[in-house]
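Inspection log for the structure reproduced underneath, given as C-alpha cells.
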Number of protein chains: 4
Amino acid sequence: MTRSGPVRVGLIGAGWMGRFHGQTLARRIPEAELVAVADPAPGAARQAADELGARQAYQDPADLIGDPAVAAVVIASPAHFHTDLVVAAAAAGQAIFVEKPMALTVADADRAIAAAAAAGVPLQVGFNRRFAAGFAAARRVIDDGGIGTPQLLRSLTRDPGGFDPAAVKPGAIFLETLIHDFDTLRWFNPGARVLDVYAVADALVHPEFADRGLLDTAVVTLRFDNGAIAVAEANFSAAYGYDVRGEVFGSAGLVTAGDVHATEMRHLHAGGSSGSTVRRNIDLFRDAYTQELADFVANLRGANRPVPTGPDARAALAIALAAIDSVAAGARVALPPDAA
Amino acid sequence: MTRSGPVRVGLIGAGWMGRFHGQTLARRIPEAELVAVADPAPGAARQAADELGARQAYQDPADLIGDPAVAAVVIASPAHFHTDLVVAAAAAGQAIFVEKPMALTVADADRAIAAAAAAGVPLQVGFNRRFAAGFAAARRVIDDGGIGTPQLLRSLTRDPGGFDPAAVKPGAIFLETLIHDFDTLRWFNPGARVLDVYAVADALVHPEFADRGLLDTAVVTLRFDNGAIAVAEANFSAAYGYDVRGEVFGSAGLVTAGDVHATEMRHLHAGGSSGSTVRRNIDLFRDAYTQELADFVANLRGANRPVPTGPDARAALAIALAAIDSVAAGARVALPPDAA
Amino acid sequence: MTRSGPVRVGLIGAGWMGRFHGQTLARRIPEAELVAVADPAPGAARQAADELGARQAYQDPADLIGDPAVAAVVIASPAHFHTDLVVAAAAAGQAIFVEKPMALTVADADRAIAAAAAAGVPLQVGFNRRFAAGFAAARRVIDDGGIGTPQLLRSLTRDPGGFDPAAVKPGAIFLETLIHDFDTLRWFNPGARVLDVYAVADALVHPEFADRGLLDTAVVTLRFDNGAIAVAEANFSAAYGYDVRGEVFGSAGLVTAGDVHATEMRHLHAGGSSGSTVRRNIDLFRDAYTQELADFVANLRGANRPVPTGPDARAALAIALAAIDSVAAGARVALPPDAA
Amino acid sequence: MTRSGPVRVGLIGAGWMGRFHGQTLARRIPEAELVAVADPAPGAARQAADELGARQAYQDPADLIGDPAVAAVVIASPAHFHTDLVVAAAAAGQAIFVEKPMALTVADADRAIAAAAAAGVPLQVGFNRRFAAGFAAARRVIDDGGIGTPQLLRSLTRDPGGFDPAAVKPGAIFLETLIHDFDTLRWFNPGARVLDVYAVADALVHPEFADRGLLDTAVVTLRFDNGAIAVAEANFSAAYGYDVRGEVFGSAGLVTAGDVHATEMRHLHAGGSSGSTVRRNIDLFRDAYTQELADFVANLRGANRPVPTGPDARAALAIALAAIDSVAAGARVALPPDAA
C-alpha cells in the first residue's frame, strides 16, 4: 500500500495514554495528521481535539470510525472495548493501531485478526518494547547470531509506585502488564513456540486487596519448543521508578537491554555515588512510543517495517490466559499447539 | 514577549546542519512553523524548502530577513557570515538563533550583541550541550550545591573520524569545536570568570596539513577567578564515534556527564563484552538540538527559559582567541578583565 | 572458643578445588597453618603437601582426621564423601569447613549437623557468595532496610564453557551448582522459609547426554512464606565467562550484585566498546574464597563472624532435592515445614 | 638472579605505609619472609616486628642494612631519606624496593641509580598503578595496538579528604602525588619522551595555607615527543573517596581505567540509584600493592617481570620538578633532553 500526503489518523480514547499518542502523532510524526478524536466521556474528545490540533471531535467512537476522512485509527480505549473497535474499524477499511491487549479472550483475538484480514487493513498492536532502542539493538544481536541459540530468557516490568488498586482489574498484571513481557520473550526467541507456563502471583504491595484477586506481583516460567526457558516478572510498585529490562542467554553469549537511569549523569559525594531514575513509562519509552507510531504510519505509506500484529497479540494473550489458569491451578499449564 | 500561534521561523543556510535544524523545527516543535529557507547556492533553498515543507525559498538571505512573515531566524550559514546576518536580522526586528560561533572577532561579537540589544530582539547561540539531558542534570547538581565549590573542571569533544582537512580552516579546533567546551566550562562554573589560558595543539591526525595551520588536536588549561582550574580537550578523529564528556570536581563532590554509547544494550560473548557507540553529533545530541530550538521558540511565546546568549558567545570566543594566541606564543595568555 | 597461635588446618582432597583452598590457607591467611593434606589418589597428597608447604601427607583421610596435630579440617573431596568425613572429623573434635554440598540426602545432612553439635565443633559450609564483596554489600543494604520487604529475588550461576559431560553426575546442576543460588536466595531473604519450588531443566548444551539425565540448564521458582517469589537459574556453558549475579527487589527498592567483567577497563574502538570478562570461578571469587576461610579461622580464634552452617546446607539441599522432584513430576513440589 | 627458598626481606620504616607493606609481605607473598624491621622511632620497629612476625627489630636502619640475613629491603621511610637508604642498601648488596619518590633531586636520583648499578642489585620503585588490574589491562590494549598512536592522555589522583596540612610539605602535590600520574602517563605512552610541561596549582582546599606554599590542587599539561599531549590532575580532598583514573586516546581508539566504586553492588531506591565508593588507597590498590611486591620478589627468584626502576623514578621526578618550576614561572618549562 502506498499513499501520498500525510496519513489522516483518528484517535479513539482521550485518556492519559490516548492523549500521549495524540501528542506523538501531532508533534513528532509529520507524515501523520491527527484529524479526529473520539471519547465517550462528555467533553473529553473536544478538549483533547483542541489541545492536539485535531479538527473533529466525536463522543461516539462509531462516528469517528464512520468518518471517511479518517484513514487510520489509534485505539487507546479501555481494554475491553479494543476488539469491537478493531472489528468496526476494519469493517470501515481503516488501518488499525490498537493498544495492548488487543483482546481479552482468544476468541476475540481471532475475531480481530479475521476482521483485519477480511478487510485487508493493517493491524498493529502496541507492544512498545520492540521499538525501544536498546531492545531493538538486542534483537539485532540475536538476529546476527551473537548469542547463538537462545537458552535462557528474562523479561521484567516493574511499574513505578502509586497505582490505585481500585482501578485495577483482576488479571491485570497478566493481561495488561506481563503481556508486554510475553511478547518480548517471543520476539527475543524468533520462531520458537511456547509449550507451557507456570505462574505464581500474589498481592504483596496491597495484601488487603488479595481477596479481590488483585495480584500485584507475579513470576511466570515459560518453556519454548526449542528448549529455551524464559522467566517473566512483574510488580506494580517499584519505589525507584519504571524498570523494564530483558536479557537473552544463548549458546554463544548474552545480550541485555533496559536501564532505569534517567540520564548518564553520575554524582559522587560523601555518601557514595548517585544517579537519577526514570519515573514514568512515557519518559523511559518516549522514543519507542514515537517509533511504533512512525512505523505504523510509514507502513501505510508503503514501507515494509516489521511490527507486532494481531497474531502476536493473540500469542501473548494465550500465554497470559494460561498464566492466569496456572495461578489458579497451582500447576503448569500447557498451551494449545497453535497458541503461541 | 508573548505571541500566540506558532512562531514563523526562517532558516538561513541549507547545508547539512541547517537542514537538520529545519527538520527539527518542522517535525518536533509544533509551536514553530518553518516558513522560509534561504541559501545562496543555486537551487539549495528551494530543494530544502520543499523537503521541509516551507512555503518560501530565497537565494539571498537578505530577502528572507526582509520578509515580514518571518518572525524569527535560525542562522546556520558558514561561520564568517554569522555576525552580519545577526546584525541584519536584528535590524529587521527578527528574533535570532545563531549557530556557534556567533562571531570570529570580539569586535564582531560586540557588534552582534549591540544590534540585538538595540532592536530588543532575543539572541540565542547554538551551545547545544546545555540542552543535553545529562549535562543539564549535572548543572542542576551543581546548582543544588552537590559538588560544593568547583575546583577542577573538564570538557572534551572528540569528533568522529572522516573529516576533510581541505574543508577545515585554521583555528577551527578552537573557534568551532572547543568553543563548545569553553561555554560548557563557564556554564559549569556559574559566576566565575576566566583569568587566563594555556593551549597546546598539534596536527596529529593529518600531520601533512600542519604547515597550513590545520590543528586537529588541542588541550587548553583555563584558570578561573574562583580558583577553579579547567581543561578543555579536542580531537577531530575519534575512531569510536562522537565523544563529548564533562566533569566538575568540587569541595563536596564530583559530577560527570556524557556517554558515547548508542544504547544501554550490552553483548557478552566469547571475546568479552561489547556495546555500540554513537557515530554522529545528531545522534548523540538529537534531543539537545530539539530542546535548544524548543526553548528558543518557547521564549518567543512568553516563557523565560535560560539559554546561552550573545555575551556567552562573546566570552567563549574570547577564550578561543586567547587559546589561539597561546599556541602561537607557547605561553599563558591572560584574558582582558571584561572578557570571559 | 579462643585459641592462640595459628590454627593448624588439614586439607582433605587434593583436587583442583582442594589445592586452591590449600593455597589460600598457606598464602593468604597467616592465622592458619596448613599442616597436613590427605587424598586417596596415590601420591596426590604428597605432591600437594610439598607444593603447599604442609608437613604431613596422608593417603587415607582417616589418618588426617586421626592426627592430633590437626585442629581443623577443610573438606574438599568429591561430594559423596562429605557427610562421612564431617561425621568423622566431628568425632575427632576437629572444627570443620566442608565444601558444598555438605550432604546429598536430608538424612545425611541431619547426621552431619548432629555430629558437629554432639562434638561441639564449628561446622561451616562453602557457600562462597556470602563472602563476595558485592553480595555482602547487598546483604548490608537489605539488613539496613534499603529494599524494605523482599518481594522478588533472583540468583543465577552460569559456569564458563568447556565442562566434561562425562564427569557430571545427574542432579549436579541442582546439588552442586544451584545449591549456591538457593543459599543466596535464603540469605537475601533473612528469616523467611521456602514453601515450595517449581523447576524446569533440560540438556541444551549437550542434548546428546539428556538421556543420561545430565541436565545443563535449569530454572527454579521458589515461593517464600513472606510472600516473596524467587528465581534461581543455572547453565553449565556460558561462552563469555563465569557469571554469577543476584538481585533483590522489595517494597522500598532494589539491590543488585555480581558483574562478569574482569576489570573496570574499557576499550573504545572502531567496532564500539569492549571489556574483558572473567573466565574462572577462582578469578571471580578469589577474595570470597579467602574471606570464607579467613572467617572460619577467625571464629576458631574467638571471633563471632556470621557464616553458613550445617542447617543452611540442609535447607539449600532440601530445596535442591525438591527441585529435582519437581523436574521429574513436572509440577510444583512443597517442602516439608521444617525444611528450608 | 635466581635464588631458592623465600626471599628474606627487611622493612625500613614502620609508619602506616611501611606496616602495610610489611603485612603484604608477611600475609600475601609466601615467596617472601619478612625477617627484620627498622624504624628510628623508639619502640616502633619492635612493635611492628612483633605484629608482622619478623624476628629482628632495629632502631637504626643502618643496622638492618648491615644485617647479612637480609637479602632485600623495602624502603618506606619519609621521602627525604630514600636516596641515602637506597645507596646504603645497594652498597650492602641488598635488592631494593623503594617507595616513591625515590629521590627529591635529579642528582640524588642519579646517585641512587648509580649505586644500584654499581652493586648490580635490582632497584624497583613504588609506582603502584602499573600493577592495578585495570591499568595493567589498559596497557595491554595499548601494547596490542588497540588505540593506535597515543594522542591525548589523562591521569588523575584525587586523595580522600581529611589530610593534615601541617604534615604536608611544599611541592608534595608534585613530588609525592602527581609523580604517580607522571609515571602512569609515561608508561601509557611507551617510548615517548616528555618535552615540556605547564603547571597550574593552587590552595583551594586550605586557602589559609597558600602562603606556606601548600598547594592542594594542580593541573599539569605535558607534551611528548611523539606529539601526544597529556594532562595530570590532582587534588588532596575528594569528598567521595579515593579516585585514580587514567585514559589514553589514540588514532585507533580510547582506553580508560580506574573506578572509585567499592564494589559492583548498586542500590535503587526512592531517591534514585546509589553505589558506595572507596575511601582509602589501600582499599583501591590492595591487589596492586601485593602485585608490585610479588613481582619484586619473583624477579629476585629468577623471574623477568617488567617493573618500574630507577630511571623511571628519575624521569617522573624530572617532570615533577619542571612542574614546580612552571608554577613558579607561570610559564611552560622545557625538560632537558635526557630527562623524561
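Side notes on the structure shown:
- Inter-residue pairs, beta-carbon under 6 Å, first surrounded by 17 or more Cβ atoms within 10 Å (Cβ to Cβ) and in region A:37-51, second in a helix (DSSP H, G or I), 6+ apart: A:Val37/A:Ala45; A:Val37/A:Ala48; A:Val37/A:Ala49; A:Ala38/A:Ala45; A:Ala38/A:Pro61; A:Ala38/A:Leu64; A:Asp39/A:Ala45; A:Ala48/A:Arg19
- Condition check for B:Gly302: in contact with a Leu (Cβ under 8 Å, 6 or more places away or on another chain) and not basic (Lys, Arg): no
- Residues (assigned to a strand (DSSP E or B), of a type outside the set (D, E, K, R) and within 7 Å of chain A (Cβ to nearest Cβ)) located in region B:265-281: B:His267, B:Leu268, B:His269
- Failed item, numbered, when D:Glu176 is tested on (1) closer than 22 Å to D:Ala315 by Cβ; (2) within 14 Å of chain C (Cβ to nearest Cβ): (2)
- Residue in region D:253-264 that is at the interface with chain C (Cβ under 9 Å from one of its Cβ atoms), without any contact (Cβ under 8 Å) to a residue 40 or more places away in the chain and among the small types (Gly, Ala, Ser) present: yes
- Among the candidates B:Leu215, B:Leu195, B:Leu156, the residue that is farther than 22 Å from D:Ala201 by Cα and not assigned by TED's automatic domain parsing to the domain that holds B:Ala109 is uniquely B:Leu215.
- Filter result (at negative phi and open to solvent by less than 70 Å² (accessible area, probe 1.4 Å)) within region D:271-282: D:Gly271, D:Ser273, D:Ser274, D:Gly275, D:Ser276, D:Thr277, D:Val278, D:Asn281, D:Ile282
- Just one of the listed residues (A:Ala117, A:Ala95, A:Ala62) is at pLDDT 95 or above, crowded, with 22+ Cβ neighbours inside 10 Å and either out of contact with any strand residue (DSSP E or B) (no Cβ under 9 Å at 6 or more places or on another chain) or among the aliphatic types (A, V, I, L, M) (or both), and it is A:Ala95.
- Taking the criterion of being over 19 Å from the mean Cα position of the chain (by Cα) and facing chain D (nearest Cβ under 10 Å), the only residue of region B:211-221 that qualifies is B:Thr221.
- Test for C:Gly241: is it farther than 19 Å from B:His261 by Cβ, touching a Leu at 6+ places or on another chain (Cβ under 9 Å), facing chain D (nearest Cβ under 10 Å) and crowded, with 24+ Cβ neighbours inside 10 Å: no
- Qualifying residue in region D:284-295 (condition: open to solvent by less than 10 Å² (accessible area, probe 1.4 Å), at pLDDT 95 or above, under 19 Å from D:Phe135 (Cβ atoms) and β-branched (Val, Ile, Thr)): no
- Residue match in region C:259-282 (condition: modelled with pLDDT under 95, over 22 Å from A:Phe249 (Cβ atoms) and not aromatic (Phe, Trp, Tyr)): yes
- Residue check, A:Ala192 part of a loop (DSSP other than H, G, I, E, B), aliphatic (A, V, I, L, M) and touching a residue at least 12 places away in the same chain (Cβ under 8 Å): yes
- When region B:195-216 is filtered for residues that are out of contact with any Ser or Thr (no Cβ under 8 Å at 6 or more places or on another chain) and assigned to a loop (DSSP other than H, G, I, E, B), the ones remaining, listed by number, are B:His206, B:Gly213, B:Leu214, B:Leu215.
- D:Ala234 satisfies every condition listed in (1) under 28 Å from B:Ala232 (Cβ atoms); (2) in contact with a Ser or Thr (Cβ under 9 Å, 6 or more places away or on another chain); (3) more than 10 Å from every other protein chain (Cβ to nearest Cβ) except (3).
- In region D:147-163, residue most open to solvent (accessible area, probe 1.4 Å) [restricted to those that are within 10 Å of chain B (Cβ to nearest Cβ) and not in a strand (DSSP E or B)]: D:Thr149
- Members of region A:12-36 that are under 30 Å from B:Asp50 (Cα atoms), open to solvent by less than 10 Å² (accessible area, probe 1.4 Å) and more than 14 Å from chain B (Cβ to nearest Cβ): A:His21, A:Val35, A:Ala36
- Odd one out for A:Phe131 among (1) out of contact with any strand residue (DSSP E or B) (no Cβ under 8 Å at 6 or more places or on another chain); (2) within 14 Å of chain B (Cβ to nearest Cβ); (3) farther than 27 Å from A:Gly171 by Cα: (3)
- Residues in region A:62-102 that are free of Cβ contacts under 8 Å to residues at least 60 places away in the same chain and of a type in the set (Asp, Glu): A:Asp63, A:Asp67, A:Asp84.
- Qualifying residue in region C:296-309 (condition: within 14 Å of chain D (Cβ to nearest Cβ) and touching a residue at least 24 places away in the same chain (Cβ under 8 Å)): yes
- One residue stands out in region C:167-195 among those that are crowded, with 21+ Cβ neighbours inside 10 Å and acidic (Asp, Glu): the one that is farthest from C:Gly258 (Cα to Cα), namely C:Asp183.
- Matching entry among D:Leu321, D:Leu284 (being in contact (Cβ under 8 Å) with a residue 40 or more places away in the chain and under 19 Å from D:Thr221 (Cα atoms)): D:Leu321
- Test: residue in region A:59-70 that is within 14 Å of another protein chain (Cβ to nearest Cβ) and of a type outside the set (Phe, Trp, Tyr): no
- Selection count, region A:205-228, where residues are of a type outside the set (S, T, N, Q) and surrounded by fewer than 24 Cβ atoms within 10 Å (Cβ to Cβ): 14
- Hey, B:Ala334 surrounded by fewer than 19 Cβ atoms within 10 Å (Cβ to Cβ), in contact (Cβ under 8 Å) with a residue 40 or more places away in the chain, closer than 28 Å to B:Asp202 by Cβ and away from chain A (no Cβ under 14 Å) or not: yes
- Residues that are of a type in the set (A, V, I, L, M, F, W, C) and part of a loop (DSSP other than H, G, I, E, B) were ranked within region A:79-115; the one that is farthest from the chain's Cα centre (by Cα) is A:Ala92.
The values are calculated or read from the model by the stated rules, or taken from the named source; none is laboratory data. In this text, all values refer to a predicted model and were calculated from it rather than measured experimentally. Every residue, glycine as well, gets a Cβ built from its backbone with ideal geometry; the counts of neighbours run over all protein chains shown. We work out accessible area using only protein heavy atoms, side chains counted, and drop any ligands, DNA or RNA first. Shrake-Rupley method; radii C 1.70, N 1.55, O 1.52, S 1.80 Å.
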